[in-house]
There are 2 protein chains.
Amino acid sequence: MRRASALLIGNELLSGKIADTNLLILARCLRGLGIALRRVVMILDDPDVIASDVKSLAATHDLVFTSGGIGPTHDDVTVEGVARAFGVTVIRDHEMERRIRSHYGATCTESHLLHARVPEGARLVSTPDMPWPTVVMRNVWLLPGVPEVFRMKMRHVETLLGGDAPFVSFAVFTTLDESDLKPLLDGVVATYGDVDIGSYPRWHDPEYQTKLTFDGIDEARARAARDAFAACLPPATVVRIV
Amino acid sequence: MRRASALLIGNELLSGKIADTNLLILARCLRGLGIALRRVVMILDDPDVIASDVKSLAATHDLVFTSGGIGPTHDDVTVEGVARAFGVTVIRDHEMERRIRSHYGATCTESHLLHARVPEGARLVSTPDMPWPTVVMRNVWLLPGVPEVFRMKMRHVETLLGGDAPFVSFAVFTTLDESDLKPLLDGVVATYGDVDIGSYPRWHDPEYQTKLTFDGIDEARARAARDAFAACLPPATVVRIV
């Protein structure tokens, strides 16, 4: 199973100015592709920090996705950071330059051409339905921070990284609280060590107190774990099984 | 200025099952206290990974806030992870045990008492308006993942960590895009190196194309940077100054 990590870049995320929305999009996309997202790091617009984190994440994960910092302004330092992570320089990509010049025509400026900067050795990937390319350096995908564009880029991720079996997820909703259900759950956890079992309490929800989830690549095992747990519960405490 | 980091713990965050909402609450709370949030890491429910990240974050930041994994079920391994980070064992805290027994009375079970587990050497902090304690191990605050409870715990953070001057933030909204405003902005960036200047493009917003932010602890400097930039813009391109 491929393992992925994400690096969310931007002072605005850490200052509380805006809430990141790209992670959820990426996490769900990867989930559907059967790729396990294992770690997410959120950092400031600092090329040294980006370099250090990209180096570390790229060495320990099959795939790294960065979000943010690829525009033309002074605070867009992701390309520089990724280049430093791999010990290469930033160059102007000729194919990207050609596309930008063709797009802007006579109004093309040096600022526009800053979008053609890539780490030396990077490649451009695209799909017929989304021809504007994504820059990929080794196993690191450089994605934009703007949510509308980030979402569009998921088409590249899906098309070019698809192929594995997706994760499945089952759930049981119960009126029991975590302390009451723990003795029942522990037996199922011991038997189904290969299923990712999660317990999520709700406060002030009129319908249920705890949601139990049973996830994995092996649908039959995840379903069996869910059914084994549901069978342990007093029937009156079961709100829903999905 | 105090530097903080956050460790968001939970398989459900990385699987895309739920979107974290605690970070925004923490980031805004710290911002108001003049504490700089520098790094956020999101990881799975794995005590070894928690231990490794807590150790590293606690050594490089004045404060660390963990979110999640402090309930009674098998996937709640934050106390264990924090204990390992500091090379101590998990013990049952007597004061916490007393409170739990007092709260549940005759219905108190061993599962309830799992909430009294703390890393050896941890302290309990509380405030008169929020007497249920928060566990703090050295510079690491163990906060719950459930958003309603996380939000309540901010009262402990505010009351017990307040005191510094808060950050201020000013902004200019313009109809220029980033490529067009970059030459104007670069001069301001060069002059106001002590102000945190950010540029955030919008797609498909009928009102403006880019929001520029000017942040810092020194209100006069941040305001001066904003005004210097606004003065560079063609007046017709200025949508709003705040």
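The values are calculated or read from the model by the stated rules, or taken from the named source; none is laboratory data. Note that the structure is a prediction, hence the values are computed from the model and not measured. Note that we place each Cβ from the backbone using ideal geometry, even for glycine, and neighbour counts take in every protein chain shown. Note: areas computed on protein heavy atoms with side chains; ligands, DNA, RNA excluded. Shrake-Rupley method; radii C 1.70, N 1.55, O 1.52, S 1.80 Å.
Values for this structure:
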read-out: Label point 7 Å beyond Cα along the C-beta direction, distances from A:Arg202 to other copies (nm, shortest first); value: 3.4
read-out: At most 11 other Cβ within 10 Å, DSSP loop - chymotrypsin sites (Phe, Trp or Tyr not before Pro), segment B:184-242; value: B:Trp203
read-out: Segment A:126-132 - phi-based ³J(HN,Hα) in whole Hz, Karplus 6.51/-1.76/1.60, Gly and Pro as x; value: 7, 9, x, 7, 8, x, 5
read-out: Per residue Cα convex hull volume in Å³ - calculated over segment B:136-187; value: 205 Å³
read-out: Neighbourhood charge, 13 Å Cβ-Cβ cut-off, centred on A:Lys211 and excluding it, Lys, Arg +1 and Asp, Glu -1; value: -3
read-out: Structure-based [θ]222 nm, the protein assembly as shown - -39500 (n - 2.57) summed over DSSP H runs of at least 4, per residue, nearest 500; value: -12000 deg cm²/dmol
read-out: Descending Cα extents along the principal axes, segment A:13-62, whole Å; value: 32, 29, 11
read-out: Globularity ratio of segment A:1-119, using Cα Rg and 2.2 N^0.38 Å; value: 1.15
read-out: Inter-label distance for B:Arg151 and A:Arg98, nm, one decimal - labels placed 7 Å from Cα along Cα-to-Cβ; value: 5.4 nm
read-out: Convex hull volume per residue for segment B:160-242, taking Cα atoms only, in Å³; value: 101 Å³
read-out: Centroid-to-centroid separation of segment B:191-242 and segment A:107-165 [C-alpha atoms, Å]; value: 28 Å
read-out: Dipole in debye (nearest 20) - the protein assembly as shown, about Cα centre, beta carbon charges: Lys, Arg +1; Asp, Glu -1; value: 40 debye
read-out: Exposure ranking of B:His156, A:His103, A:His115 by accessible area [1.4 Å probe, largest first]; value: A:His103, A:His115, B:His156
read-out: Distant-in-sequence amide H partners of B:Val239 (H built 1.01 Å from N, under 5 Å); value: B:Phe173, B:Thr174, B:Thr175
read-out: 0 to 90° range, to nearest 10: angle between helix A:219-232 axis and chain A longest Cα axis; value: 40 degrees
read-out: Acute angle (nearest 10 degrees) that the helix A:147-161 long axis makes with the longest principal axis of chain A, alpha-carbon atoms; value: 80 degrees
read-out: Charge context of B:Ile25, other residues only, Cβ under 15 angstrom, K/R +1, D/E -1; value: +2
read-out: Inter-copy label distances at A:Gly163 (7 Å, Cα→Cβ; nm, one decimal); value: 5.7
read-out: FRET E, pair B:Ile91, B:Val125, Förster distance 25 Å, beta-carbon r, rounded to 0.05; value: 0.90
read-out: Cut-off under 5 Å, modelled amide H: who pairs with A:Ser169 long-range; value: none
read-out: Per residue convex hull volume, Cα atoms of segment A:33-93, in Å³; value: 106 Å³
read-out: Overall dimensions of the protein assembly as shown as given by Cα atoms, namely Rg and Dmax in Å; value: 24.3, 81
read-out: Dipole in debye (nearest 20) - chain B, about Cα centre, beta carbon charges: Lys, Arg +1; Asp, Glu -1; value: 500 debye
read-out: Under 19 Å from the Cα of A:Lys182 - lysines, other chains or at least 8 residues apart; value: A:Lys211
read-out: Degrees between helix B:22-33 axis and first principal axis of chain B (Cα, 0 to 90, nearest 10); value: 70 degrees
read-out: Filtered GluC sites (Glu not before Pro), segment B:141-242: DSSP coil and at most 10 other beta carbons within 10 Å; value: B:Glu207
read-out: Segment A:191-226: trypsin sites (Lys or Arg not before Pro) in DSSP loop, at most 11 other beta carbons within 10 Å; value: none
read-out: Normalised alpha carbon radius of gyration of chain B [divisor 2.2 N^0.38 Å]; value: 1.25
read-out: Rotation relating B and A, chain A residue nearest the axis via C-beta, angstrom; value: A:Val41, 3
read-out: Cβ-based net charge around A:Asp129, under 14 Å, with every Lys or Arg adding one and every Asp or Glu removing one; value: +2
read-out: Simple Cβ-charge dipole of segment A:71-131, Lys/Arg +1 and Asp/Glu -1, about Cα centre, in debye nearest 20; value: 160 debye
read-out: Cα-only Debye scattering, segment B:91-180: base-10 log of I(q)/I(0) at q = 0.17, 0.20, 0.24, 0.25 Å⁻¹; value: -0.83, -1.06, -1.33, -1.37
read-out: Accessible area of chain B belonging to carbon and sulfur atoms, whole % at 1.4 Å probe; value: 54 percent
